[in-house]
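What follows draws every value from the coordinates through simple rules; no lab data is involved. Every value quoted in this text rests on a predicted model; they were computed, and no experiment measured them. In this analysis, Cβ positions are derived from the backbone assuming ideal geometry, glycine residues included, and neighbour counts consider all displayed protein chains.
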Amino acid sequence: MKFAKLRGLIKEKGMTEAELANKINLSASSLSCRLGGKVDWTLPEMRAVCDVLEINFSEIGKYFFN
């Protein structure tokens, strides 16, 4: 599954994908497309996710580039 670690972290933080989408100003369907690998992430989107989920920028590869 694409972005399985990222999906796991969303749950670990007690958040739904819809809540994350709202916090990073994406629609739930747009976030779903990114998590499914159908649409590429932009750098600003990755930074926003890192901010919300408290991902250290040095660990970005672990969540976005498998």
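Computed over neighbours whose Cβ is under 13 Å from that of SER27, the net charge equals -1, Lys and Arg +1, Asp and Glu -1. Extension gain, GLU59 to GLU12, is 15.3 nm, computed as 0.36 nm per intervening residue step minus the present C-alpha separation.
For the pair ARG47 and ASN25, the difference between a 0.36 nm per residue extended length and the Cα-Cα distance amounts to 6.7 nm. Computed from the alpha carbon positions, the gyration tensor of the chain leads to an equivalent ellipsoid with semi-axes of 15, 14, 12 Å, biggest first. By the scheme Lys and Arg +1, Asp and Glu -1, what is the net charge of all other residues having a beta-carbon under 12 Å from that of GLY37? Around GLY37, the surrounding residues sum to +3. Charging the Cβ of each Asp and Glu at -1 and of each Lys and Arg at +1, and nothing else, the dipole of the chain about its Cα centre rounds to 200 debye. Here the sum of -39500 (n - 2.57) over DSSP H runs of 4 or more residues, divided by the residues of the chain, equals -16000 deg cm²/dmol at 222 nm, to the nearest 500.
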